[in-house]
Amino acid sequence: MDTKLTMHVNMDDFLPATEEEKEYMVQMRPSSTFFKDGIKRLLKNHVATVSFIVIIAITLASIIVPMVWPYSYDNMLGVNPGKPVDASFNNLHPFEYGRTEQKKLDAGEAVFPHIFGTDAQGRDYFIRVVYGTRISLAVGFFASIIVLVIGMTLGSVAGYCGGKVDLIIMRIVDIIYSLPDMLMVILLASVLKLTLTPVIEGTALEKIGSNIISLFIVFGVLYWVSMSRLIRGQILSLREQEYVLAAQAAGARGGWIIRKHLLPNCISVVIISTALQIPNAIFTESFLSFLGLGVNAPMPSLGSLASDALNGISSYPYRLVIPAVVISLIVLSLNLFGDGLRDAFDPKLRT
Amino acid sequence: MNSKTLYYILKRILLAILTVWVVITITFFVMRAVPGGPFMGEKAITAAAQAALEAKYGLDKPLMEQYFTYLKDVVTKFDFGPSLKQRGRMVIDIIGDGMKTSARLGVIAAFLALIVGVVLGAIAALRRNKFVDKVIMVVTTAFVSMPSFIIGSLLLVLFSIKLGLLPANGTTTKGLILPIITLALYPMAYITRLTRSSMLDVLGQDYIRTAKAKGVSPVKIIFGHALKNSLIPVITYFGPMLAYIVTGSLVVEQIFAVPGIGRAFVSSITNRDYPMIMGTTIVLACLIVIMNLVSDILYKVVDPRINLE
């Protein structure tokens with residue numbers, strides 16, 4: 001081995017590094033944000049990914065299919081203006097045809113099939129299921145948004161202000177929390193239905209129907225409490241952070257601090273609990289529809305379809321099974337996706 | 001029991017009383033907000049008859065006076081007034097009659113859910129990540145996602161219509177089998193998951209390892225140490241379970257035509273029998289509030305380490 005025992009240092013060892021050498025030393029990884037990290041974890045969770053695809057597929061189908069389908073959800077096929085009601089269209093089994101349709105078929109014309117048959121009033125059942133899915137999804141989505149807005153506002157105000165405001169809001173939350181929610185929902189829905197009908201007559205809201213509006217009101221009144229509790233807890237710990245103090249020192253007002261500093265930091269909690277709220281809302285809507293307090297006829301929802309199907313259950317059990325399967329599929333995939341979101345974005349929340 | 005626990009219990013009791021009062025108040029004022037008033041049927045009646053009716057039910061008095069009379073009657077005598085649709089019957093009698101069937105249904109369903117749920121949960125925990133565990137978890141996930149009216153209707157289609165094994169009508173004892181199963185499935189699935197996770201938690205504790213090291217038999221470890229301690233979180237589910245069974249019975253009794261309080265409630269909504277709606281809401285709400293109270297206090301007493309604040 002050629003070792004130089006000399007005090008003279010080799011000056012070559014102290015030359016500035018070339019660009020290549022520098023690049024070799026720097027181990028850069030593309031910078032990852034909190035959001036990207038979460039998405040990566042979410043995609044690794046196959047159950048959640050599949051659930052998400054199922055939800056997207058069902059949602060898209062419920063939006064697109066009614067646009068291209070030749071029948072509409074409230075079109076009674078046997079009823080034509082100026083002619084007697086043709087009862088041969090009522091209660092068709094899947095892929096059967098009404099009398100006039102059969103004639104057309106015999107003449108060689110093409111008739112669009114009734115994939116799930118028709119219901120007791122001669123309406124194409126497939127499109128009713130699709131439309132019912134759309135209504136159920138929309139109700140679930142908007143109800144969750146209402147819960148989100150109210151819960152977030154009150155929760156963040158309670159958490160940030162503290163003191164008396166917090167005390168009052170949290171006592172209200174305690175009481176609403178201990179109310180038996182379903183009973184109150186039924187009570188409010190059954191009364192609001194009557195009070196709202198004359199109020200909204202002639203307005204744009206009439207199209208939505210008094211029952212759905214009362215459902216939204218009930219959700220807004222009763223279900224914001226758990227969301228506001230959650231957000232209050234988050235804000236309580238976040239507001240002790242130094243950057244809040246810095247913002248306060250710089251003269252920022254309360255509303256600004258809540259909006260710009262506190263809420264963005266608990267956004268993952270908010271998204272997760274909203275995602276888990278949607279199946280809950282769909283559940284409640286279908287339950288109310290089943291009791292006859294849901295959507296106004298002739299508008300279908302998955303719950304009201306199942307409820308209507310009970311009347312002819314011995315002859316047409318598939319009319320119950322179809323909406324039942326759809327509703328279970330939606331709720332199951334939303335729940336699984338929500339769980340996946342929670343695991344990916346906030347593992348601490350896991351219970 | 002220390003003073004802190006006592007303070008907590010006292011606070012919970014006060015909150016429960018407050019809740020019951022809020023329920024009665026909301027129910028009263030919501031019902032009075034109904035157009036035409038709660039005691040009006042849809043039949044048109046003469047002004048004189050209407051005045052007589054109003055005088056009979058005290059509707060001509062100021063609202064606050066009516067409210068305090070109602071509150072007093074409910075609290076002291078459980079008097080919810082007469083039913084509108086079932087002439088000559090008091091609401092409380094109808095509730096009492098329906099309660100007999102519903103209570104039987106609910107209690108059996110609750111016990112079934114508890115026993116099967118704990119057993120399945122324990123098996124799943126002991127066979128963690130094995131085939132049995134996976135099957136149990138998949139099945140319970142499915143049950144948790146199905147609304148009770150769907151489970152009930154599907155059971156009805158399968159067992160009564162397709163197979164013809166059990167009657168679809170819940171008026172006989174044999175006919176109560178399907179409603180009981182329907183009511184029990186969701187809480188059973190929930191308890192299974194609860195027991196499994198808490199059992200897994202307990203099995204990882206130091207005292208289980210110590211017991212194993214001492215040479216305690218596996219049977220004794222499972223039943224004497226693990227299961228006993230993993231049942232504590234299940235206590236908290238008693239209240240929500242009752243709430244679920246009460247609301248579940250509304251649809252289940254409807255599907256299977258069980259002559260219970262749930263069906264009476266639903267038909268009173270469709271008939272607009274307001275005194276009946278008020279009475280049933282208050283009775284069922286009280287039941288749920290009391291059960292929540294009991295399960296919370298029990299939880300605190302069984303495991304004083306738990307801080308419930």
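In straight-distance terms, cross-link reach from residue B:61 covers every one of the lysines whose alpha-carbon lies under 30 Å from its own, apart from those fewer than eight places away in the same chain; here that gives A:193, B:43, B:72, B:77, B:85.
Compute the long axis of helix A:318-345 from its Cα atoms, compare it with the longest principal axis of the Cα atoms of chain A, and write down the angle in degrees, 0 to 90, nearest 10. Between the helix axis and the principal axis of chain A, the angle is about 10 degrees.
Send over the semi-axes of the stretch A:273-351's equivalent ellipsoid, whole angstrom and largest first, taken as the square roots of 5 times the C-alpha gyration tensor eigenvalues.
Details: eigenvalues 190, 36, 12 Å².
So the three semi-axes of the stretch A:273-351 are 31, 13, 8 Å.
Counting only protein heavy atoms and a 1.4 Å probe, chain A has 54 square angstrom of accessible area per residue.
When the residues A:114, A:8 are ordered by accessible surface, computed with a 1.4 Å probe over the protein chains alone, the sequence from largest down reads A:8, A:114.
Overall, the anisotropy analysis places chain A in the oblate class: the square-rooted eigenvalues a ≥ b ≥ c of its C-alpha gyration tensor yield a/c not less than 1.5, with a/b not exceeding b/c. For the stretch B:111-119, 3J(HN,Hα) computed residue by residue from phi via the Karplus equation (6.51, -1.76, 1.60; θ = phi - 60°) reads 5, 4, 4, 5, 5, 5, x, 5, 4 Hz, glycine and proline entered as x.
Between the stretch A:174-236 and the stretch A:250-287, the alpha-carbon centres lie 18 Å apart. Rolling a 1.4 Å probe across the protein heavy atoms gives the stretch B:124-233 an accessible surface of 51 Å² per residue. Over all orientations, the stretch B:22-166 has a Cα convex hull whose mean projected area works out to 14.6 square nanometres.
In the context of the full protein assembly, residue B:186 retains an accessible surface of approximately 50 Å², using a probe radius of 1.4 Å and ignoring ligands and nucleic acids.
In the assembled protein chains, residue B:61 presents an accessible area of approximately 100 Å² (probe radius 1.4 Å).
Ligands, DNA and RNA left out, the accessible area of the protein assembly as shown computed with a 1.4 Å probe is 65% carbon and sulfur. Of all lysines in the structure, the ones whose alpha carbon falls short of 26 Å from that of residue B:174, not counting any fewer than 8 places away in one chain, are B:100, B:162. Compactness check for the protein assembly as shown: Cα Rg over 2.2 N^0.38 Å is 1.16.
Once B binds A, the 1.4 Å probe can no longer reach about 3300 Å² of accessible area, counting both sides.
Pairs of alpha carbons in the stretch A:231-306 separated by more than 21 Å make up 51% of all such pairs. Gyration tensor analysis over the Cα atoms of the stretch A:11-81 returns equivalent ellipsoid semi-axes of 63, 14, 7 Å (largest first, whole Å).
If you rank B:127, B:193, A:29 by how much accessible surface each has, with a 1.4 Å probe, what is the order from largest down?
Numbers: B:127 120, B:193 80, A:29 180 Å².
Final ranking, largest accessible area leading: A:29, B:127, B:193.
The 1.4 Å probe gives accessible areas that order B:286, A:161, A:266, largest first, as A:161, B:286, A:266.
Over the stretch B:98-302, what is the relative contact order in whole percent, taking alpha-carbon pairs under 8 Å and six or more residues apart? Each step should come with its number before you reach the end.
Values: 244 pairs, mean separation 58.2, N = 205.
Reported relative contact order: 28 percent.
Neighbouring Cβ atoms from other chains, within 10 Å of the Cβ of residues in B:289-299, number 1 on average. Principal axis extents of the Cα atoms in the stretch B:98-302, from largest to smallest and rounded to whole angstrom, are 66, 42, 26.
Taking the centroid of alpha carbons for each part, the stretch B:9-24 and the stretch B:173-221 are 32 Å apart. Take each residue of peptide B:141-152, count the partner chain Cβ atoms within 10 Å of its Cβ, and average: the result is 6. Pairs from the table (B:134/B:300; A:40/B:134; A:164/B:11) lying more than 22 angstrom apart at Cα are B:134/B:300; A:40/B:134.
For the stretch A:152-204, the fraction of C-alpha pairs more than 18 angstrom apart is 56%. Interface burial in the stretch A:167-191, defined as at least 40 Å² less accessible area with all protein chains than with the chain alone at a 1.4 Å probe, covers A:175, A:178, A:179, A:180, A:183, A:184, A:186, A:187, A:191.
Which of the trypsin sites (Lys or Arg not before Pro) across the stretch A:185-268 are loop residues per DSSP, with 14 or fewer other Cβ within 10 Å? Qualifying residues, ordered by number: A:253.
Only protein heavy atoms count here; on that basis, with a 1.4 Å probe, residue B:29 has an accessible area of about 70 Å².
The values are calculated or read from the model by the stated rules, or taken from the named source; none is laboratory data. Quantities reported herein were computed from a predicted structural model and do not represent experimental measurements. Cβ sites come from the backbone with ideal geometry, for glycine too, and all protein chains shown count toward neighbours. Ligands, DNA and RNA are stripped out before the accessible areas are found, and what is left, the full protein with its side chains, is counted by its heavy atoms. Shrake-Rupley method; radii C 1.70, N 1.55, O 1.52, S 1.80 Å.
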